[in-house]
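Student: Let me give you the structure first, and then I'll get to my questions.
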Amino acid sequence: MTPTAYALSDSWTMTRRELAHWARQPVRIAVGLVFPVMLLLMFGYLIGGGRGVAGSYIDYLIPGMLALTMAFGLESTMIAVTQDLNKGVIDRFRSMPMADGAVLVGRSAADMLQSALTLVALMAVGYALGWRTGGGPGAVLAAVGLLLLFRFAMLWIGIHLALVAGKPEMVQAVQILVWPVAFLSNALAHPGTMPDWLGTVVEWNPMSHTASAVRDLCAGGGTDHVAAAVLWPLILLAVFFPLAVRRFGRLSK
Amino acid sequence: MADTAITVEGAEKKYGEKKALDGLDLTVARGTVHGILGPNGAGKTTLVRVLSTLLRPDAGRIEVAGHDVVTQARAVRTRIGLLGQHAALDEELGGRQNLEMFGRLYHLGARRARVRADELLERFGLADTGRKAVGRYSGGMRRRLDLAASLITDPEVLFLDEPTTGLDPRGRAEVWSAVRSLVGGGTTVLLTTQYLEEADQLADRISVVDAGRVIAEGTADELKAALGGDRIDVVLRDAGQLGAAVALLPLDPADVRVDADRRLLSAPVTDRMTALTGVVRALHEAGIEAEDIALRRPTLDEVFLHLTGDDRRAKEPA
């Protein structure tokens, strides 16, 4: 086999490892699906009420919640990588002739799969709550693609932070920071309802672009947010992917 | 193929200001069991992590199975097995799942990985563990599975880092017999331990390590001989007479160790018979009653205390 074939086969083995964990702990996956649904219900009915939103709040909220859930993925990735790094098994992986990045690729494949499932669950619940898309299947698929691209960027930031922090105690600090950053977006409320300076910050948040683009695509209208929703994750990836890979290689120092 | 499985010349590794390896030299012959003996913090684990490519040394030439651990890490990794201090297993998966996964990562292919997993489970008495997650195994079972995982490819060199630390006597016996069964198959084993008994039982040669350097090396017998040969132990009836006995016995008082709780004094001797008759006569003339007098070989504990104690004294400013 060629080195590339080995790398693919090792990555697949590591992905299967994550799937085997799911099979053994289905409750964990279920909780991962229930949590965003719970948030959706909370914001939709408990706290919501369409802050400054023209039209149906549920049509505004669902795309926002989808983006928000992708952003929170940063935490779950970081927790999983931190736990992995602090387990003895990582030493065995690193003492074996396996492809260097396979551990990280396995992690990202499993996280992307879980995120896709979460999107499906959220959209199904949204549909039940009365969310309807004006855009065709192509537009909705494009929206899902943008969400997953955003999640992919969050994933590599999560991996990098886990490699930098190293210790489980640091995860909490990041968790506390992710929330305000995620909420400082247009996911739940329209920037027009905020003070000017805050509205500006919110509109600059990469997550806001993803949420807006998803909203527009689902509504079936034109959108000028797609470019930014593609560009921002790519920029984040260009920064954090090499950083994370280099950091992983430096574990031996 | 060279006769040497492991060559270490001038290995150095610093953590911040602390030197974990401080110019360590080591040569291990192919097909032998080599013990690395030393207290906590001596640099044993750092040495194993450097040898198994997990840690990059700051300096030194280090070859394992004929390949450099820094520039040819992958070639080294295909030839080694590692049993670290903590179980390097996926605790959420079962024993078979673990071994199959590692087998695939060694690129055995799915079928051979499965066959190999079965063989190893059988060999280490884990065939009936079923789907039980490794996290629920006993300490001894986990260690055996860990050992099985490090043997998937029949490694040329196997590293065992304190393989029995934290195990109960039964678990320890299990691991010892597993290690013994490997010897003779041509595998070179490097074993670190804090237990002198363990090194004595399993290793052909022993390197005593302290503060990141090898301070003595040889077979267990050679190390014992290095202490000056035999010792005499004298147990008195009355602990109050220990002081008087030390003063009048024909032994160098500086070498005599006194254990008041056991009413014991112990000293190295050069000539067994002269020492024995001299001690018996001196005690008799002074009217000190002895309960027991015995000549014996030194224990590795004594060798070790002697070596590391000397070393510490030498390093202290006068």
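Student: Listed residues A:R17, A:R24; which is buried (at least 20 other Cβ atoms within 10 Å of the Cβ), of a type outside the set (F, W, Y) and within 14 Å of another protein chain (Cβ to nearest Cβ)?
Tutor: Among A:R17, A:R24, only A:R17 is buried (at least 20 other Cβ atoms within 10 Å of the Cβ), of a type outside the set (F, W, Y) and within 14 Å of another protein chain (Cβ to nearest Cβ).
Student: Do we have any residue at all in region A:79-93 that's crowded, with 24+ Cβ neighbours inside 10 Å, more than 14 Å from every other protein chain (Cβ to nearest Cβ) and part of a helix (DSSP H, G or I)?
Tutor: Yes, that holds for at least one residue.
Student: So, one more: Looking only at region B:244-262, count every residue that is part of a helix (DSSP H, G or I), touching a residue at least 12 places away in the same chain (Cβ under 8 Å) and under 30 Å from the mean Cα position of the chain (by Cα) and tell me the total.
Tutor: Total satisfying the criteria: 1.
Student: Looking at this structure, is B:H86 without any contact (Cβ under 8 Å) to a residue 24 or more places away in the chain, closer than 18 Å to B:L147 by Cβ and open to solvent by 10 Å² or more (accessible area, probe 1.4 Å)?
Tutor: Yes; evaluated as a whole, the condition is true for this residue.
Student: Right, here's the next one. Filter region B:272-298 for residues that are within 31 Å of the chain's Cα centre (by Cα) and open to solvent by 60 Å² or more (accessible area, probe 1.4 Å); which is nearest to B:E197 (Cα to Cα)?
Tutor: B:R297
Student: Given the conditions (1) in contact (Cβ under 8 Å) with a residue 24 or more places away in the chain; (2) within 14 Å of chain B (Cβ to nearest Cβ), and given that A:P97 satisfies all but one, which numbered condition is not satisfied?
Tutor: (1)
Student: What's the number of the only condition in (1) without any contact (Cβ under 8 Å) to a residue 60 or more places away in the chain; (2) of a type outside the set (K, R); (3) over 27 Å from A:V140 (Cα atoms); (4) surrounded by fewer than 17 Cβ atoms within 10 Å (Cβ to Cβ) that A:M194 fails to meet?
Tutor: (4)
Student: Mind checking whether some residue in region B:152-165 is of a type in the set (F, W, Y), within 27 Å of B:H34 (Cα to Cα) and crowded, with 23+ Cβ neighbours inside 10 Å?
Tutor: Within region B:152-165, one or more residues are of a type in the set (F, W, Y), within 27 Å of B:H34 (Cα to Cα) and crowded, with 23+ Cβ neighbours inside 10 Å.
Student: Where the second residue is open to solvent by 40 Å² or more (accessible area, probe 1.4 Å) and in a loop (DSSP other than H, G, I, E, B) and the first is within 11 Å of chain A (Cβ to nearest Cβ) and lies in region B:66-80, which pairs have Cβ atoms under 6 Å and are six or more apart or on separate chains?
Tutor: Close Cβ pairs satisfying both conditions: B:R79/B:E156.
Student: Let me ask another. Given the condition in a helix (DSSP H, G or I) and over 18 Å from the mean Cα position of the chain (by Cα), answer yes or no: does some residue in region A:100-118 qualify?
Tutor: Yes, that holds for at least one residue.
Student: Is it fair to say B:L223 is among the aliphatic types (A, V, I, L, M), within 14 Å of the chain's Cα centre (by Cα), crowded, with 20+ Cβ neighbours inside 10 Å and farther than 22 Å from B:A87 by Cα?
Tutor: Details: among the aliphatic types (A, V, I, L, M): yes; within 14 Å of the chain's Cα centre (by Cα): yes; crowded, with 20+ Cβ neighbours inside 10 Å: yes; farther than 22 Å from B:A87 by Cα: yes.
Criteria met by B:L223.
Student: Does B:R79 count as surrounded by fewer than 17 Cβ atoms within 10 Å (Cβ to Cβ) and of a type in the set (K, R)?
Tutor: Values: surrounded by fewer than 17 Cβ atoms within 10 Å (Cβ to Cβ): no; of a type in the set (K, R): yes.
When the stated conditions are applied, B:R79 does not pass them.
Student: Being over 22 Å from B:R49 (Cα atoms) and within 7 Å of chain A (Cβ to nearest Cβ) is the filter; apply it to region B:84-100 and report the residue that is modelled with the lowest pLDDT.
Tutor: Within region B:84-100, the match that is modelled with the lowest pLDDT is B:E92.
Student: So, one more: Can you find even one residue in region B:30-47 that is part of a strand (DSSP E or B) and within 14 Å of chain A (Cβ to nearest Cβ)?
Tutor: Filtering region B:30-47 down to residues part of a strand (DSSP E or B) leaves B:33-37.
Filter again for within 14 Å of chain A (Cβ to nearest Cβ), leaving none.
No.
Student: Give the residue that is modelled with the highest pLDDT, with candidates limited to residues of region A:42-57 that are in contact with a Leu (Cβ under 8 Å, 6 or more places away or on another chain) and crowded, with 19+ Cβ neighbours inside 10 Å.
Tutor: A:F43
The values are calculated or read from the model by the stated rules, or taken from the named source; none is laboratory data. Computed from a prediction, not measured in an experiment: that's the story for all the values here. All Cβ positions, even for glycine, are placed from backbone atoms using ideal geometry, and neighbour counts span all protein chains on display. Keep in mind that these areas ignore ligands, DNA and RNA; they rest on the heavy atoms of the full protein, side chains included. Shrake-Rupley method; radii C 1.70, N 1.55, O 1.52, S 1.80 Å.
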